[in-house]
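The numbers here are math on the coordinates, done by the rules we state, and not lab data. If you're wondering where the values come from, they're calculated on a predicted model, not measured in any experiment. Here the Cβ positions follow ideal geometry from the backbone for every residue, glycine too, while neighbour counts run over all protein chains shown.
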Amino acid sequence: NAGVMQNPRHLVRRRGQEARLRCSPMKGHSHVYWYRQLPEEGLKFMVYLQKENIIDESGMPKERFSAEFPKEGPSILRIQQVVRGDSAAYFCASSPRGLQHTGELFFGEGSRLTVL
Amino acid sequence: QKEVEQDPGPLSVPEGAIVSLNCTYSNSAFQYFMWYRQYSRKGPELLMYTYSSGNKEDGRFTAQVDKSSKYISLFIRDSQPSDSATYLCAMIPSRDYKLSFGAGTTVTVRA
């Protein structure tokens, strides 16, 4: 009964480098959501994906950020040319069906990105 | 004005006390309300989930929703040091998937 698995748990990058964050949803879950948590702020929705489809990426910056959830393998959140403002905790969550049907969202332990 | 307002605290109480947490919101479309607990350096864990006005009880936890006042509360009875964490309220409109979170209230229960 593994939960939502995220890696790496901690990532340090210099400005201009790329960051790749991975998320394996709970077994049987095909809906994945990414949220970002900045210090002193609540979690902010970034993107909602199902297998091979981006359903809603309205919370994700238009530039430098991308997400995918391939048919095989984990979901990946990719940040290109990172800047200091990207430093945050990035949480992945999954649900067995769309959240609008179940209301239950299971979070991973997060990936904490630090940009030097 | 933020869509969801939550006093960040911090809140410090002695063991055994009742902890009272609350959030206010501005979007009348919110229909489902959740409370998450987040331990330091961990992910949020769902504590309570409600969809109607009124009270819902689960062990030492009671969630209250007052949609007319756009106000939700979480009460923790007989608080324990293990309850020390940040508590996040979250809410969502019907048939939506984007949760809106409060900033979280940090609670410390002193032994």
Cβ neighbours within 10 Å from other chains - mean over A:43-56: 2
Karplus-derived 3J(HN,Hα), 6.51/-1.76/1.60, for each residue of segment B:2-9, Hz, glycine and proline x: 5, 5, 10, 10, 9, 5, x, x
Using θ = phi - 60° and Karplus 6.51 cos²θ - 1.76 cosθ + 1.60, couplings along segment A:23-29 (whole Hz; Gly, Pro as x): 9, 9, x, 4, 4, x, 9
Within chain A: Cβ-based charge dipole about Cα centre, in debye rounded to nearest 20 (Lys, Arg +1; Asp, Glu -1): 380
Under 5 Å, built H, 5+ apart or other chain: amide partners of B:Gly104: B:Cys89
Footprinting exposure proxy for B:Met34, A:Met60, A:Met5 (fewest neighbouring C-beta atoms within 10 Å first): A:Met5, A:Met60, B:Met34
³J(HN,Hα), Karplus 6.51/-1.76/1.60, whole Hz, each residue of segment A:82-95, x for Gly, Pro: 4, 10, 4, x, 7, 4, 5, 9, 10, 10, 9, 9, 9, 9
Relative pair counts by distance (%), Cα atoms of segment A:54-116, 5 Å bins: 4, 13, 21, 26, 20, 10, 5, 1, 0
Rounded to whole Å, sorted largest first: equivalent-ellipsoid semi-axes of segment B:1-45, Cα gyration tensor: 23, 15, 11
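Add -39500 (n - 2.57) for each DSSP H run of 4 or more in chain A, then divide by its residues: what number comes out at 222 nm, to the nearest 500 deg cm²/dmol?
Details: 1 runs with 4 residues, N = 116.
Estimated from H runs of four or more residues: -500 deg cm²/dmol.
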Amide H contacts of A:Met5 (H built 1.01 Å from N, under 5 Å, at least 5 apart or other chain): A:Ser24
Dimensionless Rg/Rh of chain A - Kirkwood Rh, Rg from C-alpha atoms: 0.95
Spin-label zone in segment B:71-111 - amide nitrogen under 12 Å from a point set 7 Å from the Cα of B:Ile18 along the C-beta vector: B:74-79
Set of lysines near B:Lys67 by C-alpha distance (under 24 Å), chain-local residues within fewer than 8 positions excluded: A:Lys44, B:Lys2, B:Lys56, B:Lys98
Ellipsoid semi-axes in whole angstrom, largest first, where each is sqrt(5λ) of the Cα gyration tensor of segment B:59-111: 25, 14, 9
Cα-based equivalent ellipsoid, the protein assembly as shown: semi-axes from gyration tensor eigenvalues, Å: 30, 20, 16
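Averaging sequence separations of C-alpha pairs under 8 Å and six or more residues apart, then dividing by the length of chain A, give the relative contact order as a whole percent. Walk me through the intermediate numbers first.
Numbers: 293 pairs, mean separation 41.9, N = 116.
Contact order relative to length: 36 percent.
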Dipole of the protein assembly as shown [Lys/Arg +1, Asp/Glu -1 at C-beta], most positive-end residue of B:Gln80, A:Asn53, A:Leu105: A:Asn53
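Multiply the residue separation of A:Arg20 and A:Arg78 by 0.36 nm, subtract the distance between their alpha-carbon atoms, and state the gained length in nm to one decimal. Each step should come with its number before you reach the end.
On the way: separation 58, 0.36 × 58 = 20.88 nm, distance 0.46 nm.
Extra length from A:Arg20 to A:Arg78 when fully extended: 20.4 nm.
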Cut-off under 5 Å, modelled amide H: who pairs with A:Ser30 long-range: A:Ser95
Kirkwood Rh, angstrom, chain B [1 / mean 1/r, Cα pairs]: 14.0
In nm, spacing of pseudo-spin labels at B:Ser68 and A:Arg9 (7 Å Cα→C-beta vector): 4.8
Charge context of B:Ala111, other residues only, Cβ under 12 angstrom, K/R +1, D/E -1: -1
Segment A:1-68 and segment B:2-22: distance between their alpha carbon centers, rounded to Å: 28
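Mean separation of Cα pairs under 8 Å and 6+ residues apart, divided by the residue count of chain B: what relative contact order is that in percent?
Values: 272 pairs, mean separation 41.8, N = 111.
Relative contact order here is 38 percent.
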